[in-house]
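Data block below; observations after.
The values are calculated or read from the model by the stated rules, or taken from the named source; none is laboratory data. Please read these numbers as outputs of a predicted model, since none were measured by experiment. As a convention, Cβ positions derive from the backbone with ideal geometry for all residues, glycine included, and neighbour counts pool all protein chains shown.
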Amino acid sequence: MTTETDGSVLDPATLDQWYCIQNLAEIPPSGLTTRLLGQDIFITGGAAPMARCGDRELPVRKRYGYLWVTLGAPNTDVPHISEADEPDRRYVPCGAVKVKSSAPRVIENFLDMAHFPFVHTDILGSEEHSEVETYKCEIRRDVDEVWATDCVFTQPQAAKSASGAIRTDYIYRITTPFTVLLYKTCPMSETRWDVICLFVQPMEPGLCRAHPVMFLLDETSTDADLIGFQQVIFLQDRIILENQRPRLLPLEPRFETPTRADASSIAYRRWLKEKGCVYGTTLGPADTFTVTAA
């Protein structure tokens with residue numbers, strides 16, 4: 001790992017990841033080109049989709065209705081989501097949102113409960129209930145993931161299926177540096193969780209696409225309503241993310257002051273640093289202004 005970076009270093013830890021890059025149903029017959037880690041990736045669809053970077057054919061996976069590729073040689077597969085195999089769940093892909101921010105910043109924002117009352121007012125939070133209660137966060141070495149548990153927040157409308165304010169339980173599971181899952185209280189069941197996934201595609205150091213996908217227990221809402229609800233929330237986040245400075249995620253804690261509510265962010269940054277996964281990050285504010293999003 002280098003001691004200084006502009007966020008564009010293609011380190012082995014970044015290369016050796018599986019990346020969600022495209023909804024399979026939205027690949028035209030002629031194929032399309034997208035960006036991943038500063039490289040052009042040409043993909044074709046059909047029963048046996050393919051992906052190429054220049055003259056090189058890339059390994060691919062089909063998971064959760066999406067095409068996943070790697071530029072390296074991962075020693076693991078695409079993250080497993082057991083809820084995706086449950087037949088009574090609604091599978092709801094929510095489109096792709098391009099964000100002028102680094103992929104690690106987008107993951108970190110997804111973990112942040114403190115902004116709920118102020119960014120998602122009267123949906124995920126309210127100013128009269130703005131406190132983030134103490135929760136547990138750990139790097140689980142046996143599975144190489146970051147988990148935040150015992151997260152609780154009072155939300156005016158926690159989900160499209162919610163009929164009023166509820167005290168919502170959250171579990172965050174960061175499966176890879178660019179993939180995060182949220183398990184949350186399901187208004188339709190007392191024993192099972194709704195699952196919201198965010199698969200982030202780092203296009204450039206300061207530019208990415210987010211692919212939100214939900215696996216829900218909801219028999220009444222339409223797909224359009226479910227997608228609309230999630231997109232409203234994410235577009236509110238995009239405004240904050242695109243105005244956040246530095247655009248890249250600082251790995252050194254002294255450059256941003258954490259609070260008790262930032263336990264998951266602290267663990268995530270420490271995990272990235274341990275891995276040497278530096279793409280889209282910075283070690284200090286001096287080198288964050290050398291990167292301009294495309």
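Figures for the structure shown
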| read-out | value |
| --- | --- |
| Output for segment 54-76, where each listed residue is among the aliphatic types (A, V, I, L, M) and closer than 21 Å to residue 24 by Cα | 58, 60, 67, 69, 71 |
| Residue pairs meeting the criteria (Cβ under 7 Å; at least 6 apart or on separate chains; first exposed (fewer than 13 other Cβ atoms within 10 Å of the Cβ), in segment 221-247; second of a type in the set (Ser, Thr, Tyr) and assigned to a loop (DSSP other than H, G, I, E, B)) | none |
| Candidates 76, 134, filtered to the one that is surrounded by fewer than 17 Cβ atoms within 10 Å (Cβ to Cβ), modelled with pLDDT of 95 or more and either in a loop (DSSP other than H, G, I, E, B) or not basic (Lys, Arg) (or both) | 76 |
| Any hit, segment 39-46, residues being at pLDDT below 95, over 30 Å from residue 276 (Cβ atoms) and either surrounded by fewer than 15 Cβ atoms within 10 Å (Cβ to Cβ) or touching an Asp or Glu at 6+ places or on another chain (Cβ under 6 Å) (or both) | yes |
| Where residue 184 falls short, out of the listed (1) of a type in the set (Lys, Arg); (2) assigned to a helix (DSSP H, G or I); (3) modelled with pLDDT of 90 or more | (2) |
| Of all residues in segment 23-65 being in contact (Cβ under 8 Å) with a residue 60 or more places away in the chain and part of a strand (DSSP E or B), the one that is nearest to residue 104 (Cα to Cα) | 36 |
| Selected residue (criterion: surrounded by the most Cβ atoms within 10 Å (Cβ to Cβ)) from residues of segment 252-281 that are modelled with pLDDT under 90 and in contact with a strand residue (DSSP E or B) (Cβ under 6 Å, 6 or more places away or on another chain) | 263 |
